[in-house]
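The structure appears below as structure tokens.
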């Protein structure tokens with residue numbers, strides 16, 4: 001009996017030990033599955049944890065008005081190897097070939113260095129060896145065909161599903177500051193304004209936290225939702241033209257900074273916005289959005305608002321006679337006219353020649369009650385912000401009687417664009433309202449949101465002020481602006497194809513208004529075509545060193561942009577006369593791709609005389625045919641791209657690893673690096689283009 005009792009106790013003891021062990025195992029398993037972050041296993045003294053890791057969604061694209069990506073998300077992949085997975089046979093037979101191919105694809109290590117590194121990881125039981133951090137999808141596909149790696153994860157140890165998403169700008173610096181970015185606490189432009197829409201929703205995955213790093217555990221707790229795309233109002237082609245023309249003028253004038261805005265009259269859509277400032281090395285780049293955030297003196301462009309105020313209050317008409325003496329005294333201050341006095345002229349002529357006699361007219365009309373004048377500025381929308389999507393817009397600086405900065409000369413000085421400061425965008429919005437027959441539109445940068453190609457939200461144009469003046473007076477000030485280009489300070493800006501309306505503005509800039517400083521800003525703002533406005537445009541060049549006239553400096557940029565934008569709109573082009581005598585003329589053809597040129601000439605039924613070999617050719621006229629001759633392009637040397645269009649030139653130069661900067665439009669007229677010289681990768685080559 002005692003012996004049996006002893007046996008029972010031993011059985012019971014073993015039973016309870018077994019049950020206790022099972023309970024402990026089940027409890028531990030439950031903790032792993034439910035919490036995902038408890039201590040789990042100890043394998044060779046390496047502590048493993050399961051943790052929840054947020055996964056960023058793919059950020060939406062920023063597109064131009066035609067759907068071209070201005071900012072996009074590009075995927076790269078982090079490639080790692082679990083060196084313990086491959087069998088000895090697979091590893092030993094494939095290692096040399098794998099090392100050879102890795103070296104060929106990435107070029108950062110010799111085959112021997114790759115072999116030794118992978119062998120060492122195998123010997124040390126490394127389960128998360130880093131192969132490369134930023135691998136393109138094309139490179140990833142090649143990796144999956146390599147020895148060992150072709151067996152994928154479970155037999156080859158390849159870990160290639162760690163995605164890294166980066167923001168890329170296919171067109172480089174175009175509209176850089178307006179498109180913006182989101183970096184830590186720095187939030188700029190449209191990237192910041194539409195961050196929630198672009199960002200999407202994060203996902204959550206389980207990963208193993210190991211001493212060697214994070215390793216996917218194969219379980220997704222929450223799927224990511226990719227961000228939506230935003231379709232901007234910006235037109236890439238207009239943006240490129242505006243950028244190139246402003247950059248060229250800034251370089252010619254050695255100016256401090258400049259800005260250019262192109263707005264669609266009817267909608268307020270911003271079609272182009274450029275902000276460039278000079279760096280210490282003399283180059284220009286976008287580091288601040290002057291168009292939106294910088295208050296400037298409007299100078300003589302303010303005279304349009306002053307005359308419209310006079311017309312609306314019935315205090316003057318454009319046919320009234322004024323005496324432009326050339327010098328005007330207001331209390332103890334004197335105001336000079338640029339170029340001296342014009343004598344007895346009409347108010348219209350005073351505007352066309354930008355005479356400061358307008359300050360005398362405003363002072364006579366409003367000195368008894370300056371608030372009446374300021375009330376008109378308020379009605380015109382010149383005293384308040386526009387409510388832009390982009391952050392950073394300041395309120396205009398407009399002094400009033402009773403302010404510490406208000407003086408007896410504030411009213412006349414304000415009427416010609418001093419003692420008042422507004423942003424270029426606020427000034428253009430007013431002029432755009434004149435072009436739009438008195439309706440002020442809010443400048444907008446985004447017209448719709450798309451998810452997976454489908455439109456999910458549309459932003460309609462916003463009217464800020466329905467009618468700022470009577471149509472009769474709007475028509476009168478339109479005549480004034482047309483007169484500036486026809487007969488006045490902007491007469492050199494005429495276009496052969498269409499009429500331009502606008503106003504020049506040249507201002508000395510300091511902290512007190514009109515001072516003795518020689519720092520100037522050149523400004524031109526207007527719209528085109530004058531008879532049926534499509535676009536309004538503002539160009540400002542600050543502190544030019546060569547010229548400082550608004551028409552010479554900024555007006556030249558305005559006209560170049562207007563001509564190129566106008567020529568791209570077929571609805572404004574005169575139709576060909578059906579009965580006109582047609583003359584067969586051999587066209588002038590850009591140099592470039594033989595395939596493309598032959599294709600076009602064949603389709604146009606233009607005769608050719610081919611005398612070339614290779615893919616690239618030069619062209620010339622030979623009686624009634626186009627002669628095609630060889631242009632030799634050598635690998636490793638700077639190609640000769642003179643005579644080519646920009647697209648072909650970029651293709652050849654970038655294929656040689658060169659960084660290209662260009663200005664102008666048309667065909668390449670000169671290149672900074674000599675053709676036939678050694679093409680060092682990363683070197684800068686500058687191209688000049690001419691029509």
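The values are calculated or read from the model by the stated rules, or taken from the named source; none is laboratory data. Everything numeric in this text was worked out from a predicted model, so none of it was measured. We place every Cβ from the backbone using ideal geometry, glycine too, and count neighbours over all the protein chains shown.
Going through 657, 682 one at a time, which residue ends up being surrounded by fewer than 19 Cβ atoms within 10 Å (Cβ to Cβ), part of a loop (DSSP other than H, G, I, E, B) and in contact with a strand residue (DSSP E or B) (Cβ under 7 Å, 6 or more places away or on another chain)? Break it down stepwise before answering.
Details: 657 fails: in contact with a strand residue (DSSP E or B) (Cβ under 7 Å, 6 or more places away or on another chain).
Just a single option satisfies the conditions, and that option is 682.
Taking the options 240, 245, name whichever one is in contact with a helix residue (DSSP H, G or I) (Cβ under 8 Å, 6 or more places away or on another chain), part of a helix (DSSP H, G or I), at pLDDT 90 or above and buried (at least 18 other Cβ atoms within 10 Å of the Cβ). Before the answer, list the steps.
On the way: 240 fails: in contact with a helix residue (DSSP H, G or I) (Cβ under 8 Å, 6 or more places away or on another chain).
That would be 245, the only listed residue that is in contact with a helix residue (DSSP H, G or I) (Cβ under 8 Å, 6 or more places away or on another chain), part of a helix (DSSP H, G or I), at pLDDT 90 or above and buried (at least 18 other Cβ atoms within 10 Å of the Cβ).
Cβ-Cβ distance below 7 Å, separation of 6 or more or different chains: which pairs start in the stretch 592-613 with a residue that is on the phi > 0 side of the Ramachandran plot and end on one that is part of a helix (DSSP H, G or I)?
These pairs meet every condition: 592/648.
Would you confirm whether any residue within the stretch 135-150 is assigned to a strand (DSSP E or B), touching a strand residue (DSSP E or B) at 6+ places or on another chain (Cβ under 8 Å) and at pLDDT 90 or above? Please lay out each step first, then the result.
Step one: filter the stretch 135-150 for residues assigned to a strand (DSSP E or B), giving 135.
With touching a strand residue (DSSP E or B) at 6+ places or on another chain (Cβ under 8 Å) added as a condition, the list becomes 135.
Now restrict to residues that are at pLDDT 90 or above: 135.
Yes, that holds for at least one residue.
Those residues that are touching a helix residue (DSSP H, G or I) at 6+ places or on another chain (Cβ under 9 Å) and in a loop (DSSP other than H, G, I, E, B), I need them from the stretch 588-612; list them, please.
Taking the stretch 588-612 as the starting set, the residues that turn out to be touching a helix residue (DSSP H, G or I) at 6+ places or on another chain (Cβ under 9 Å) are 589-593, 596, 606-608, 610, 612.
Within the stretch 588-612, 589, 590, 606, 607, 612 meet the criteria.
Going through the stretch 643-653 one residue at a time, which ones are touching a helix residue (DSSP H, G or I) at 6+ places or on another chain (Cβ under 9 Å) and not in a strand (DSSP E or B)? Steps first, please.
If we filter the stretch 643-653 for residues that are touching a helix residue (DSSP H, G or I) at 6+ places or on another chain (Cβ under 9 Å), which is where we start, we get 644, 648.
Of everything in the stretch 643-653, just one residue is touching a helix residue (DSSP H, G or I) at 6+ places or on another chain (Cβ under 9 Å) and not in a strand (DSSP E or B), namely 648.
Has the stretch 450-463 got at least one residue that is modelled with pLDDT under 90, within 30 Å of residue 193 (Cα to Cα) and in the same structural domain as residue 306 (by TED's automatic domain parsing)? Give the steps one after another, and end with the answer.
The initial filter retains those residues of the stretch 450-463 that are modelled with pLDDT under 90, namely 452-453.
Going one step further and asking which of them are within 30 Å of residue 193 (Cα to Cα), we end up with 452-453.
Checking the rest, the ones that are also in the same structural domain as residue 306 (by TED's automatic domain parsing) come to 452-453.
Yes: the stretch 450-463 contains one or more residues that are modelled with pLDDT under 90, within 30 Å of residue 193 (Cα to Cα) and in the same structural domain as residue 306 (by TED's automatic domain parsing).
Within the stretch 433-454, can you find the residues that are touching a residue at least 40 places away in the same chain (Cβ under 8 Å) and part of a strand (DSSP E or B)?
440, 441, 444, 446, 447, 448, 449, 450, 451
Restricting the stretch 664-679 to residues that are crowded, with 16+ Cβ neighbours inside 10 Å and part of a strand (DSSP E or B), which is modelled with the lowest pLDDT? Show your work before the answer.
Initially, the stretch 664-679 is screened for residues crowded, with 16+ Cβ neighbours inside 10 Å, giving 664-665, 667-668, 671, 673, 679.
Subset that is part of a strand (DSSP E or B): 664, 667-668, 671.
Working: 664: 79, 667: 87, 668: 90, 671: 90.
Going through the qualifying residues, I end up with 664.
Which numbered condition in (1) out of contact with any helix residue (DSSP H, G or I) (no Cβ under 9 Å at 6 or more places or on another chain); (2) over 20 Å from residue 136 (Cα atoms); (3) modelled with pLDDT of 75 or more; (4) not in a strand (DSSP E or B) is the only one that residue 51 fails?
The number of the failed condition is (4).
Here is a yes/no grid of residues against (1) surrounded by fewer than 22 Cβ atoms within 10 Å (Cβ to Cβ); (2) at pLDDT 95 or above; (3) not assigned by TED's automatic domain parsing to the domain that holds residue 299:
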{"site": "332", "(1), (2), (3)": "yes, no, no"}
{"site": "337", "(1), (2), (3)": "yes, no, no"}
{"site": "340", "(1), (2), (3)": "yes, no, no"}
{"site": "347", "(1), (2), (3)": "no, yes, no"}
{"site": "354", "(1), (2), (3)": "no, no, no"}
{"site": "359", "(1), (2), (3)": "no, yes, no"}
{"site": "366", "(1), (2), (3)": "no, yes, no"}
{"site": "371", "(1), (2), (3)": "yes, yes, no"}
{"site": "379", "(1), (2), (3)": "yes, yes, no"}
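Could you say which residue among 206, 130 is modelled with pLDDT of 90 or more, assigned to a strand (DSSP E or B) and over 31 Å from the mean Cα position of the chain (by Cα)? Spell out how you get there, then give the answer.
Details: 206 fails: modelled with pLDDT of 90 or more.
On inspection, the qualifying residue turns out to be 130.
Looking only at residues that are at pLDDT 85 or above and either surrounded by fewer than 13 Cβ atoms within 10 Å (Cβ to Cβ) or in contact with a helix residue (DSSP H, G or I) (Cβ under 8 Å, 6 or more places away or on another chain) (or both) in the stretch 615-631, which one is farthest from residue 652 (Cα to Cα)? Before the answer, list the steps.
So the first thing to find is which residues in the stretch 615-631 are at pLDDT 85 or above, and the list is 615-620, 625-631.
If we keep only those that are either surrounded by fewer than 13 Cβ atoms within 10 Å (Cβ to Cβ) or in contact with a helix residue (DSSP H, G or I) (Cβ under 8 Å, 6 or more places away or on another chain) (or both) as well, we get 615-617, 619, 626, 628.
Working: 615: 11, 616: 10, 617: 13, 619: 18, 626: 23, 628: 19 Å.
The selected residue is 626.
Looking at the stretch 277-303, which of the residues that are surrounded by 24 or more Cβ atoms within 10 Å (Cβ to Cβ) and touching a helix residue (DSSP H, G or I) at 6+ places or on another chain (Cβ under 6 Å) is farthest from residue 235 (Cα to Cα)?
Across the stretch 277-303, the extreme among qualifying residues is 303.
On the basis of being at pLDDT 90 or above, more than 22 Å from residue 336 (Cβ to Cβ), surrounded by 13 or more Cβ atoms within 10 Å (Cβ to Cβ) and assigned by TED's automatic domain parsing to the domain that holds residue 411, does residue 525 make the cut?
Details: at pLDDT 90 or above: yes; more than 22 Å from residue 336 (Cβ to Cβ): yes; surrounded by 13 or more Cβ atoms within 10 Å (Cβ to Cβ): yes; assigned by TED's automatic domain parsing to the domain that holds residue 411: yes.
Spelling it out, residue 525 is indeed at pLDDT 90 or above, more than 22 Å from residue 336 (Cβ to Cβ), surrounded by 13 or more Cβ atoms within 10 Å (Cβ to Cβ) and assigned by TED's automatic domain parsing to the domain that holds residue 411.
Say whether the condition of being on the phi > 0 side of the Ramachandran plot, buried (at least 18 other Cβ atoms within 10 Å of the Cβ) and at pLDDT 85 or above is met by at least one residue in the stretch 530-541. Before the answer, list the steps.
Going through the stretch 530-541, the residues on the phi > 0 side of the Ramachandran plot turn out to be none.
No, there is no match, as no residue in the stretch 530-541 is on the phi > 0 side of the Ramachandran plot, buried (at least 18 other Cβ atoms within 10 Å of the Cβ) and at pLDDT 85 or above.
Tell me which of these residue 430 doesn't satisfy, since it passes every other one: (1) part of a loop (DSSP other than H, G, I, E, B); (2) touching a residue at least 24 places away in the same chain (Cβ under 8 Å).
Every condition holds for residue 430 apart from (1).
Hey, can you tell me all the residues within the stretch 329-360 that are part of a strand (DSSP E or B), in contact (Cβ under 8 Å) with a residue 40 or more places away in the chain and in contact with a strand residue (DSSP E or B) (Cβ under 6 Å, 6 or more places away or on another chain)? Before you say what the answer is, go through the steps one by one.
Of the stretch 329-360, the ones part of a strand (DSSP E or B) are 329-330, 333-336, 343-346.
Those left that are additionally in contact (Cβ under 8 Å) with a residue 40 or more places away in the chain: 330, 333, 335.
Matches in the stretch 329-360: 335 only.
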